[in-house]
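Quick notes on the structure that follows.
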Amino acid sequence: MGERARPPGRAWSGRATRAEIDLDALGGNVRALRSVLPPGGSLMAVVKANAYGHGATVVAREALAAGAERLAVATIGEAAVLRRAGIDAPILILGAIDPAEAPAALRLRIELTIATETLLDAVCDAARASAPGRPPRLHVKVETGLHRYGAEPDLALALARRIADDPCLELAGAFTHFACADEADDAFTREQDAAFSAWLGRLGDESIAIPNHHRANSAGTIGGWAGETGIARCGIAIYGIAPSPDAPLPPGMRPVMSVRSRVARVFDLRPGDTVGYGRTYRCERAERAALVPVGYADGYPRALSGTGHMALGGGRARLLGRISMDQCVVRLPDGVDVAPGHEVVVLGADPAGVAPSIEAVAEMAGTIGYDIASRIAARVPRVYVRSGEAVAVEDGLGDPDVV
Ligand SMILES: *Cc1c(COP(=O)(O)O)cnc(C)c1O
């Protein structure tokens, strides 16, 4: 993951196809989420999956600078990337890790989620084998209805007691995760919320002190389920993407990513010509087309073939034929002619409102915004922009000569 500082003001001169990451929008979104939390609340910025495709290291730093107190990821490898970059904030692994990874987690000072005796045993062993004085910080995950990675309430209580009673371990928190916080009907969220509160009550009855408890993801936070003193675990909203059509973002939050490219070739099509593999598009009248060097291997969903569009020359350029691995062809919008090198907004943030949003692309591709953002490929450089200028670049292929 080669990240290099760039002198402010320099325009991007690498691969035409890149993902621009608007750090001003990111900071604004973090501040907006922070402001909807109750007074005792705090924000955990979820930066798993390379910050949902936005670039974990730069996003983590920006989120912390904008008021997030903690970070969360899904794997030890993701946490290691952040620690290697010198990020010292608390980092929680949200799900299961392999017990064999426990020693690595301790070395990296990563907080772990515990929902099984097996993992707790491994963490215990690792803690006893490592230097005293820095007990691993653990969060117990309570099952309240998602049925993914959580301990049923009785087991969760036993795990919490075991951690609290063991001087080699630290009970740092407990949490649960909502199944339907992004749906209009909040009946099940209410049930899960009540079940978690009841479990916290049992913990209190046993005088087990727990400094942090957390339940809400982005949709839950926006919906007001973060809890009195809870931590909000927010991912998707930080990136300015709505969790679902039923859970829109509050006004003022803005999309952070735009995938952009430049026209590689402009050419004429005659009636009867076909475009692309399988010849799924056949011209009926003479038209002008542009080749755009973005394809499904960049994470541009192939499902958009023949139906999607991108922003070109102020208009909608419709996709013609199938999206290939590395390139695709669009029709120049009516009344628009451009030369090679012309800027294209493929998807995401577009001040002109012509390019499809990540949510719109997701809808067309039959999936969710999370899936679209997180699949933008490593070979697409991330160009970080502040006040309209490129300030850093990250090339996931790690080749320092690319730029
Ligand atoms: C990914 C994840 C989140 C963040 O969810 P968003 O909907 O992106 O805010 C929160 N909690 C857990 C346990 C997760 O796995």
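The values are calculated or read from the model by the stated rules, or taken from the named source; none is laboratory data. All figures in this text were calculated on a predicted structure; none of them were measured in a lab. Glycine gets a Cβ as well: all are built from the backbone with ideal geometry, and neighbour counts include every protein chain shown. Just the protein is used for accessible areas: all its heavy atoms, side chains included, with ligands, DNA and RNA removed. Shrake-Rupley method; radii C 1.70, N 1.55, O 1.52, S 1.80 Å.
When 1/r is averaged over all different Cα pairs and the result inverted, which Kirkwood radius in Å belongs to the stretch 53-102?
Numbers: mean 1/r = 0.0879 Å⁻¹.
Computed over Cα pairs of the stretch 53-102, the Kirkwood hydrodynamic radius comes out at 11.4 Å.
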Across every pair of different alpha-carbon atoms, what Kirkwood hydrodynamic radius in Å does the stretch 122-275 reach? 18.6 Å
Of the DSSP H helices in the chain, those whose Cα atoms cover at least 15 Å axially and whose Kyte score averages -0.5 or more: 23-36, 117-129, 153-165, 187-205
Give me the net charge of Ala286's neighbourhood, meaning all other residues with Cβ under 14 Å from the Cβ of Ala286; Lys, Arg count +1, Asp, Glu -1. -1
Among Gly308, Pro153, Val330, flag the residue with its Cα farthest along the positive direction of the charge dipole of the chain, charges on Cβ as +1 for Lys/Arg and -1 for Asp/Glu. Val330
Could you list, bin by bin from short to long, the percent of Cα-Cα pairs of the stretch 58-185 in 5 Å steps? 2, 11, 20, 21, 20, 14, 9, 3, 1, 0
How large a share of the accessible area of the chain, in percent, is made up of carbon and sulfur atoms when the probe is 1.4 Å and the other protein chains stay in place? 51 percent
Normalise the Cα radius of gyration of the stretch 307-360 by 2.2 N^0.38 Å (N = residues in it) and let me know the number. 1.08
Can you list residues from other chains, or at least 5 along the same chain, whose modelled amide H is less than 5 Å from the amide H of Tyr384? Ile21, Val391, Ala392, Val393, Glu394
Name the residues whose placed amide hydrogens come within less than 5 Å of the amide hydrogen of Val140, ignoring near sequence neighbours (fewer than 5 apart) on the same chain. Ile114, Gly173, Ala174, Phe175
Using a 1.4 angstrom probe on the protein heavy atoms only, could you order Leu155, Leu320, Leu106 from most to least accessible area? Leu155, Leu106, Leu320
For the stretch 309-403, calculate the relative contact order in percent as a whole number, restricting contacts to Cα pairs under 8 Å that are 6 or more residues apart. 19 percent
Please work out, to two decimal places, the log10 of the ratio I(q)/I(0) at q = 0.09 Å⁻¹ from a Debye calculation in which every Cα of the chain carries one identical scatterer. -0.60
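Just the number please: accessible area per residue for the stretch 181-244, 1.4 Å probe, all protein chains included, in Å². Spell out each step's value before the answer.
Working: 2450 Å² over 64 residues.
Ligands and nucleic acids excluded, the figure is 38 Å² per residue.
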Compute from the Cα atoms of the stretch 1-114 the Rg and the Dmax, the latter being the longest Cα-Cα distance, and quote both in angstrom. 15.5, 47
Given the DSSP H assignment, sum -39500 (n - 2.57) over each helix run of at least 4 residues in the chain and divide by its residue total; what's the result at 222 nm in deg cm²/dmol, nearest 500? -8000 deg cm²/dmol
At Asp186 and Arg379, where each label point lies 7 Å from the Cα along Cα→Cβ, what is the point-to-point distance in nanometres? 4.6 nm
Identify which of Asp193, Asp268, Asp371 has the largest mean-square fluctuation in a Gaussian network model of the chain, with springs joining Cα atoms closer than 10 Å. Asp268
Probe 1.4 Å, all protein chains present, accessible-area order of Thr75, Thr176, largest first: Thr75, Thr176
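Send over the semi-axes of the stretch 129-197's equivalent ellipsoid, whole angstrom and largest first, taken as the square roots of 5 times the C-alpha gyration tensor eigenvalues. Intermediate values should be presented prior to the final figure.
On the way: eigenvalues 179, 26, 15 Å².
The equivalent ellipsoid of the stretch 129-197 has semi-axes of 30, 11, 9 Å.
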Mind listing the phi-derived Karplus ³J(HN,Hα) values for the stretch 277-286, rounded to whole Hz, using 6.51, -1.76 and 1.60 with θ = phi - 60°, and x for any glycine or proline? 4, x, 6, 6, 10, 10, 6, 9, 9, 4
For the stretch 327-344, in order, what is each residue's ³J(HN,Hα) by Karplus, 6.51 cos²θ - 1.76 cosθ + 1.60 with θ = phi - 60°, in whole Hz (x at glycine and Pro)? 7, 7, 10, 10, 8, 5, x, 3, x, 10, 10, 9, 9, x, x, 5, 5, 10
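How compact is the stretch 23-88 by the rule of thumb for globular proteins, expressed as Cα Rg over 2.2 N^0.38 Å? Don't skip to the end; give the middle numbers.
Values: Rg = 11.6 Å, N = 66, 2.2 N^0.38 = 10.8 Å.
The stretch 23-88 yields a ratio of 1.07.
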Tally Lys/Arg at +1 and Asp/Glu at -1 over every other residue whose Cβ is under 10 Å from the Cβ of Arg70; what's the total? -1
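If you wrap a convex hull around the C-alpha atoms of the stretch 263-403 and split its volume per residue, what is the figure in Å³? Each step should come with its number before you reach the end.
Working: hull volume 17.1 nm³, N = 141.
Taking the convex hull of the Cα positions in the stretch 263-403, it is 121 Å³ per residue.
Skip the ligands, DNA and RNA, and give the accessible area per residue of the stretch 25-154 with a 1.4 Å probe, whole Å². Intermediate results must be reported in sequence, preceding the final value.
Numbers: 5020 Å² over 130 residues.
Averaged over the residues of the stretch 25-154, the accessible area is 39 Å².
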